[in-house]
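So the structure is just underneath, and the comments pick up after that.
Please treat every number below as a calculation from the coordinates, not as lab data. Here the structure is a predicted model, which is why all the values come from computation and not from measurement. In this analysis, Cβ positions are derived from the backbone assuming ideal geometry, glycine residues included, and neighbour counts consider all displayed protein chains.
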Amino acid sequence: MTTDWGEKSTADLMNKYVSKEMGYGVPREGWRICLAHEFKEKRKPFQAKDVSLANAWGHIGLGIRYLKWWYKKTQVEKKAPFIDMFRAQPLRQIYGAPLGGIGGGTITRGWRGEFCRWQLNPGMYHYKTVIANQFTVCLRRGGQTVYQQVLSVEHPPTLQGWNWGYCGEYAFYHALYPRAWTVYDLPGQNVTLTCRQISPVIPHDYQDSSLPVAVFVWDIENKNDYDLDVSIMFTMVNGSGHKDDKSGGHWNEPFHLEKEGEAVSGVLLHHCTTVNPYTLCIAAREQPDREVSHQTAFSPRGTCSGLWSDLLTDGRLDSPTGSSPPTTKGEKVAAALAVSCSVLAQSCNNLEFSLAWDMPKITFGAREREHIRRYTRYFGTKGDASPSLSHYALKHYRQWENSIEEWQRPVLQDSSLPFWYKSALFNELYYVVDGGTVWTELPEDADVSGGVRSKDGGLPAQPTVIKEYGRFAYLEGQEYRMYNTYDVHFYASFALIMLWPKLALSMQYDIAGSVVQHDHTERLHLMSGQYSPVKTKNVVPHDIGDPDDEPWERVNAYLIHDTADWKDLNLKFVLQVYRDFHLTQDSQYLKDMWPICKAVMESEMKFDLDEDGLIENSGYADQTYDGWTVTGPSAYCGGLWLASLCVMCKMARLLDQEETYQCYRDVLDRGSTAFDKLLWNGKYYNYDSSGRHFSNSVMSDQCAGHWFLRASGLGEGEYQAFPKEKIQSALKSVFDLNVMSFAEGQMGAVNGMRPEGVPDHSSVQSDEVWIGVVYGLAATMIHEGMREEGMRTAEGCYRSVWEKLGMAFQTPEAYCEKGIFRSLAYMRPLSVWAMQLLSASHDF
Ligand SMILES: CC(C)CCC[C@@H](C)[C@H]1CC[C@H]2[C@@H]3CC=C4C[C@@H](O[C@@H]5O[C@H](CO)[C@@H](O)[C@H](O)[C@H]5O)CC[C@]4(C)[C@H]3CC[C@]12C
């Protein structure tokens, strides 16, 4: 089916839309869905029962150890496990673009307008639709209210004094992150409302992008032959739907702030919890021909008819002065703000609202340290910034939109790029903000290097980039609660290095600092059942900690495997260092990272037991595919190793270290020969060289090393690690088998495929599709001149996630061909930006 805006859609997200209205200023490109749409396919999260008998056998030990650990964590320590395998989030096919800038907390709205996913406590998600948080429209003609409607398709059991059940067939949602539009044709009214939601997420901007605010602009089109008075009312509960909302002591107060020729007024909702208190703020821009009115406090329980009739009577609210009393235990409080304007016959007008939340100081679960959020640099740490934040947002949002448009324009205007790709590229970016993201100031007394100097000196205690641009962390996944999981960030890092390079470098300094540190505390690793140290010196950590503990202080929240023995982490650090240098040309960064690169390469060298120049995997899942065993030299880790040697040669040359160059060159030459001999089978690189039945599986990610070389401007001449024709043949095999012979070529690339064209079911991860891996693979294909194949590969994932499975704004780590998915709202799919990096040098 071809839609009105020219896109070929496979899922007919708009086929229930009955109106002809296309809204005000809604772009053509993005993800569009009618509010009446229902996704047919309902998938379930991966659970232990989905493990085949053969795979269960190999995981019994892990299963028992995990169960014991889980019991202690949840029942004794009363904490949330970093991965809760017994309470995976069910699929709610409701999410839309989140509100807010980077690292100040997020409030996600659903595509039907609900306020439904909350991350105000750093890194901790709370999935709850707060039904009283709504926009309501009131139309008045000649002094009489003719129409008043909550702009929600819901029919909740509470608040029955409100007019619910707006007909979803007259509205659609359109997301082009960081903006989103909802177009409501008001049935029988000849009025169209377009709500534009804007968050300050602006590439290369390190100030406004940190602000915990969003703006809602309501464009009102009156197609009648008579004038109308239109009011929009914004209602908000003091809280997030959490049980804390009833803990007592919360209170609201109206405010008015006038400065620099601009005035805003609204209501502050002080949420006075002992841990991480905050203030929510609903506000509107004052203008001579707009009337702003409010209701400081109402109870969002019962029928709530009082508030409804208050607006119905005259299109405005009572506007009492003074604060509300603090709530008593068990009581909830909400506030309302209404803005009205006249809209002349056959003309348009607009109304502007903002939502801000101010939680300047945060503590993580362990509460050992207080952290200061980045935006406090501009708005202070006192917790009184909501009025100024709202004022700033309402004054600057047009500038934000200009910057966003300027940045998105070249992609949107490129007619050679398909629509789905434009949507994928911008909408997947939600995760930079909604990945439990925190962006904090580096404390004065912090020593990133842990007081440990590497052999060559090097790492500063307070690296300039962290001092100036702050500390950044995002979760591996909303459900996999570990910050900066490094083997996964390897894929996702393209978005950061291309759009906020200072944050990418800041994070690298943090990782470098933790490389040189150790934690000798012995702990049980659940897969092996062995005790070993939490952090070994001179290896890259798996992650920098759990937000329910004390991230940065205690790294490696992941305890499934001892990752000191993982083969990919160190290599991924080296590869990112050089890729980042190539893209930023920051030579101080290169100099600072060089000793760390050498240290981790030295650690890695120990994995070449037979000294043939090629590392070997250890016969367990010792890399990012942490449920897929690898034995001996392998395509994935061997390829990353050769690519790392290649960039070490390049960096040694740049830093005039000839002896070091020669040393890496020698290993690279020997390693390449071994790689070829042990893994090349004439068509592709075998999964591993164990010689077991599944060792000749076709791995979709077998060219990951080459991908990074290309992204770093290498991969040819002196800095070539893989023969071009072999890479091309391998990619062709992956396309033919993992993509086209899987799910009729419609779901991306399965991680592992047997040469005869059946998915490799030998492990719990080989028959999964990892969306982030697929986008990286597509980037590699495009760079190797296989544009059609690359686009087709990536399109399968985009359409599955966004159009078929109802997983918008929660792209998971993985799905299988049928029935299940794993780990919603995951970091890795940000790798879609790699397609954009490589396409820049291509006619694409
Ligand atoms: C005896 C029972 C019937 C069988 C029970 C089997 C289960 C205990 C295991 C079967 C599958 C396992 C899970 C597979 C994947 C996991 C992901 C992992 O974390 C992150 O995964 C990323 C890959 O997706 C990786 O790149 C990151 O570095 C990791 O941080 C955590 C473990 C697990 C959930 C794993 C746990 C045990 C099973 C459910």
* Structure fact -> About its Cα centre, region 442-840 carries a charge dipole, from +1 on Lys and Arg Cβ atoms and -1 on Asp and Glu Cβ atoms, whose size in debye to the nearest 20 is 700 debye
* On a C-alpha basis, how far is the centre of region 314-376 from the centre of region 12-57 in Å? Whole number, if you could? => 31 Å
* Dipole axis of region 391-488 (+1 Lys, Arg; -1 Asp, Glu on Cβ), positive-most option in LEU429, ASN402, SER449 -> ASN402
* Structure fact -> With +1 at each Lys and Arg Cβ and -1 at each Asp and Glu Cβ, the charge dipole magnitude of region 701-844 around its Cα centre, to the nearest 20 debye, comes out at 240 debye
* Magnitude of the charge dipole, the chain, Cβ model with Lys/Arg +1 and Asp/Glu -1, debye to 20 -> 1560 debye
* Structure fact -> Set LYS16/LYS42; LYS42/LYS72; LYS128/LYS502, cut-off 22 Å on Cα-Cα distance; pairs above it are LYS42/LYS72; LYS128/LYS502
* Report the local net charge at CYS116: Lys and Arg +1, Asp and Glu -1, summed over other residues whose C-beta lies under 10 Å from its C-beta. => +4
* **Mean ellipticity per residue at 222 nm, deg cm²/dmol - from DSSP H runs of n ≥ 4 across the chain, formula -39500 (n - 2.57)** => -9000 deg cm²/dmol
* Asked: Helix 60-71: angle to the longest alpha-carbon principal axis of the chain, degrees 0 to 90, nearest 10?
  -> 40 degrees
* region 442-840 - convex hull of the alpha-carbon atoms, volume per residue in Å³ -> 131 Å³
* For the chain, max minus min Cα coordinate along each principal axis, in Å, sorted largest first? -> 87, 58, 51
* Divide the volume of the convex hull of the Cα atoms of region 22-65 by its number of residues and quote the answer in cubic angstrom per residue. => 175 Å³
* **Listed residue (THR321, ALA652, LEU609) projecting farthest to the positive dipole end of the chain, Cβ model** => THR321
* Compute the signed sum of charges (Lys and Arg +1, Asp and Glu -1) over the other residues within less than 13 Å, Cβ to Cβ, of THR381. => +1
* Around GLU476, with a cut-off of 10 angstrom between Cβ atoms, what is the net charge of the other residues, counting Lys and Arg +1 and Asp and Glu -1? -> -2
* To do: Based on the mean of other Cβ atoms within 10 Å per residue, sort peptides 300-309, 226-235, 485-494 so the most packed one is first.
  => 485-494, 226-235, 300-309
* **Rounded tilt (10° steps) of 724-734 against the dominant C-alpha axis of the chain** => 60 degrees
* **Euclidean distance of C-alpha centroids, region 463-519 and region 99-120, integer Å** => 22 Å
* **Cross-link reach list, lysines versus LYS361, counting only Cα pairs under 19 Å and skipping chain neighbours closer than eight places** => LYS382, LYS467
* Principal-axis tilt of helix 386-412 within the chain, Cα atoms, nearest 10 degrees -> 50 degrees
* Structure fact -> Partner lysines whose C-alpha sits under 23 Å from that of LYS683, ignoring same-chain residues fewer than 8 away, are LYS724, LYS726, LYS732
